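Notes to accompany the following structure.
The values are calculated or read from the model by the stated rules, or taken from the named source; none is laboratory data. These numbers were taken from a predicted model, which means no experiment stands behind them. Cβ sites come from the backbone with ideal geometry, for glycine too, and all protein chains shown count toward neighbours. Surface accessibility is based on the protein's heavy atoms, side chains included, excluding ligands, DNA and RNA. Shrake-Rupley method; radii C 1.70, N 1.55, O 1.52, S 1.80 Å.
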Amino acid sequence: MSPTLAIDPKQPTRTGCALLLTSVAFFMVTLDSLVVVAGLALFSLASAASALAPSTALLIAARAMQGLGAAIVTPLSLTILTTAFGPEGRGRVIGIWGSIAGLAVAAGGHPVNSARPPHLYLRTLPHHQEPR
């Protein structure tokens, strides 16, 4: 009869470590995705609040919240992209991601120069068309 190896239940196994590490990684990616959705919601609500602000103080507060939403979305969107694409495609993806900022600056120049202040903030809301 050959001896059997008993595994001590208190000792972590390789499969247990693999499960733990991949579960933590999956949790982090999912959490990042949810935080991006929350940051985008905060940014959109703050844009509406900026457009409807009846006073300068409320406009400043709403703009601060808009900045907080942008501060949440921007780095996490880049983190998700660099995680989703391997090292071979990462440079191309970051280039595309960065070029979006240039498109936003080019597209945003006209509304900034022609819109009345409340309408300026409505341009960032989804499915909103600015009044002409």
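Anything in region 1-22 that is open to solvent by less than 100 Å² (accessible area, probe 1.4 Å) and either at pLDDT 90 or above or under 31 Å from the mean Cα position of the chain (by Cα) (or both)? List them, or say none.
17, 18, 22
Residues checked against (1) open to solvent by 90 Å² or more (accessible area, probe 1.4 Å); (2) aliphatic (A, V, I, L, M); (3) touching a residue at least 24 places away in the same chain (Cβ under 8 Å):
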residue: 24; (1), (2), (3): no, yes, no
residue: 31; (1), (2), (3): no, yes, no
residue: 36; (1), (2), (3): no, yes, yes
residue: 40; (1), (2), (3): yes, yes, yes
residue: 58; (1), (2), (3): yes, yes, no
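Just one of the numbered conditions (1) within 21 Å of residue 25 (Cβ to Cβ); (2) not in a helix (DSSP H, G or I) is not true of residue 36; which one?
(2)
Could you tell me how many of the residues in region 91-119 are surrounded by 13 or more Cβ atoms within 10 Å (Cβ to Cβ) and modelled with pLDDT of 90 or more?
Final tally of qualifying residues: 3.
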